[in-house]
Amino acid sequence: MHSVRFRWRLAYAVALVLFGTLAPARAQGTQVQAGQEHAAPQPDTAVAGVGMGALTRDASGTSWLPDASPMYAVHRQHGPWTLMFHENAYLQFLHDAGRRGDDQGGSINWAMGMAARNVGRGHVGLRGMISVEPWTIRGCGYPNLLASGEECRGDVIHDRQHQHDFAMELSAEYDGPLGGGTRWQLFGGPAAEPALGPVAYPHRISAMPNPIAPIAHHWFDSTHVSFGVITAGVYGGRWKIESSAFNGREPDERRKNLDLGPLDSVAGRAWLLPTPRLALQVSAGHLREAEAGEGGEPRRDVTKATATATYHRLGGGRVWASTLGWGVNAELDHATHAVLAETSVTRDDRDSWFGRVEVVGKTAHDLDIAPAVASCTNCVDPGTFTVSKLQGGYTHYLDSRAFKAGVGLVVSAGFVPGRLRPAYGRTVNTGIGVFLTMRPAVMAMVGDAAQAAAGGRAMVMVQTALDPVKLTCRAGFDPAAAPSTIYEGNTYYFCSAADRDTFLTDPKMSLSMMPPKQ
């Protein structure tokens, strides 16, 4: 027990040292801003970020997607405020086979509104996100064989995915320049996401067409709804270092309130975007009293660490998104690991294929079974079982310019070791689900003919600068020869005449999406 505790304290210390070493680093590249969810499609070769930066990488909380990311949102401009609305809703019927399987109809859903504006050289953003799952999903959650986490009716939730809380996010942020291409960011609120783990699964493009939560959710991104968060970070064109103080206690089963608590948990995260297609993150955190104790024992602390890579490839009306990750949860006397790989391919914003494979170490407590005996040969240790799940599906969306309605199918197979056969009935248990879904249509960049043909709404987002020297352009660019135009009394410079012409199709939208470099 002491050796396990020492190893994970050492790992956590190493992670914090790593973050501290990277923080002063300076990277070449462009700048970004936080405050929006997903960004409009742009070519894989695009240079991300201008001024406050591009929307392309900003995702849940302060997390990042690759720069080459699509945006599924409704956008409006109201004076100086940029307003955005995102949602993803399903009306589903799910069936899981086996002794622990179940049938259930219901609705998995969330909706998010955001408002952002420039304030001097900085940027202010407000976010609110809700889910009505407390009313649309019965009991302790929807069937999801081998899922685990949190409590309901005095027992651990197992083989089901719990509902999201009504208030998923109530947050604000400020972003401002430090100088030399580096910016600082302050984020937080009574319901928000700390700097721990990858982009939360409801916001990952690789997971978006899939209505079902990963069974490794509590190893990667379970803190995406935390009731009390403060995050501070610094970032450059392709890197970010950030740290959070937050309330790491799991929400209770009363999903309609705010489970506020002391901000006594800590986390740190480092991001690197080496190319527009790739986003890498490593993170670690110590969560005080994160989980309820067994049999009336005190709540337990959990130390978490994650490492993930997300890859996007856009072009020809196709969006291909994949995420690969590893996570670990370490408690006083044991640690469990999880590996996840998921992918989705969407063509012309009409047809989406998705898949996921997970391998997770889960304890007898996680799965609510009698503890394994010491002679168990199918377990990582006497109290931990290695389980896995394979999932895949298809969604067809109807043509629409604002919101896309769709119909889909998801199938799964859950695998357990022989020792768990008495509890599950078989070592392989299948599942199936059918669903209707609704989400915003993808927003197409001006000039993206494939997306426009598929019903995407045009978004204008062009890199500009008040000083041409500040532009980040391709090799050989001469600032003295930069194309320019005058708009509302200001002279704006561009990397190319094509960028200038695109800007002139809707200067107001472009400046709201990408404020000029100064």
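For the structure I just gave you, tell me whether Leu314 is part of a strand (DSSP E or B), open to solvent by less than 60 Å² (accessible area, probe 1.4 Å), in contact with a Leu (Cβ under 8 Å, 6 or more places away or on another chain) and more than 26 Å from Gly228 (Cβ to Cβ). Answer is no for this residue.
Exactly one residue out of Ala458, Ala444, Ala450 is modelled with pLDDT under 70, of a type in the set (A, V, I, L, M) and open to solvent by less than 10 Å² (accessible area, probe 1.4 Å), and it is Ala444.
Asp501 meets all of the listed conditions (1) closer than 30 Å to Pro209 by Cα; (2) at pLDDT 75 or above but one, namely (1). Within the range 221-236, residues that are open to solvent by less than 10 Å² (accessible area, probe 1.4 Å) reach partners that are in a helix (DSSP H, G or I) and at pLDDT 95 or above with beta carbons closer than 8 Å, at six or more positions or on different chains, in the pairs Asp221/Tyr201.
Among the strands (runs of 3 or more DSSP E) confined to the range 355-419, the ones with at least 1 residues that are of a type in the set (Val, Ile, Thr), modelled with pLDDT of 95 or more and open to solvent by 40 Å² or more (accessible area, probe 1.4 Å) are located at 384-397, 403-415.
Given the criteria acidic (Asp, Glu) and within 20 Å of the chain's Cα centre (by Cα), does Glu133 qualify? For Glu133, the condition - acidic (Asp, Glu) and within 20 Å of the chain's Cα centre (by Cα) - is met.
Restricting attention to the range 292-302, and to residues there that are in contact with an Asp or Glu (Cβ under 8 Å, 6 or more places away or on another chain) and open to solvent by less than 40 Å² (accessible area, probe 1.4 Å), which single residue is nearest to Thr223 (Cα to Cα)? The selected residue is Val302.
Restricted to the range 272-291, and to residues that are at pLDDT 95 or above, among the hydrophobic types (A, V, I, L, M, F, W, C) and crowded, with 23+ Cβ neighbours inside 10 Å, which residue is farthest from Phe220 (Cα to Cα)? Applying the filter and picking the extreme gives Leu273.
Going through the range 488-514 one residue at a time, which ones are crowded, with 19+ Cβ neighbours inside 10 Å and assigned to a loop (DSSP other than H, G, I, E, B)? Within the range 488-514, Phe494, Cys495, Met514 qualify.
Quick check: is even one residue across the range 199-209 closer than 23 Å to Gly268 by Cβ, open to solvent by 20 Å² or more (accessible area, probe 1.4 Å) and either in contact with a Leu (Cβ under 6 Å, 6 or more places away or on another chain) or among the hydrophobic types (A, V, I, L, M, F, W, C) (or both)? Within the range 199-209, none of the residues are closer than 23 Å to Gly268 by Cβ, open to solvent by 20 Å² or more (accessible area, probe 1.4 Å) and either in contact with a Leu (Cβ under 6 Å, 6 or more places away or on another chain) or among the hydrophobic types (A, V, I, L, M, F, W, C) (or both).
Looking across the range 474-487 at every residue that is in contact (Cβ under 8 Å) with a residue 12 or more places away in the chain and assigned to a loop (DSSP other than H, G, I, E, B), the one that is surrounded by the fewest Cβ atoms within 10 Å (Cβ to Cβ) is identified as Arg474. Residue under question is Asp175, and the condition is that it be touching a strand residue (DSSP E or B) at 6+ places or on another chain (Cβ under 9 Å), in a strand (DSSP E or B) and closer than 22 Å to Gly233 by Cα; does it hold? Taking the combined requirement at face value, the residue satisfies it.
Output the residue which, of all residues in the range 149-173 that are more than 17 Å from Arg249 (Cβ to Cβ) and in contact with a Leu (Cβ under 7 Å, 6 or more places away or on another chain), is surrounded by the fewest Cβ atoms within 10 Å (Cβ to Cβ). Residue satisfying both the conditions and the ranking: Ala172. Taking the range 317-351 as the range and being touching a Lys or Arg at 6+ places or on another chain (Cβ under 9 Å), open to solvent by less than 50 Å² (accessible area, probe 1.4 Å), within 29 Å of Gly248 (Cβ to Cβ) and assigned to a loop (DSSP other than H, G, I, E, B) as the test, only Glu331 passes. For the range 174-198, taking the residues that are in contact with a His (Cβ under 8 Å, 6 or more places away or on another chain) and charged (D, E, K, R), the one that is surrounded by the fewest Cβ atoms within 10 Å (Cβ to Cβ) is identified as Asp175.
The values are calculated or read from the model by the stated rules, or taken from the named source; none is laboratory data. Here the structure is a predicted model, which means the values were calculated and not measured. FYI the Cβ positions are ideal-geometry reconstructions off the backbone, even for glycines, and counts take in every protein chain you see. We work out accessible area using only protein heavy atoms, side chains counted, and drop any ligands, DNA or RNA first. Shrake-Rupley method; radii C 1.70, N 1.55, O 1.52, S 1.80 Å.
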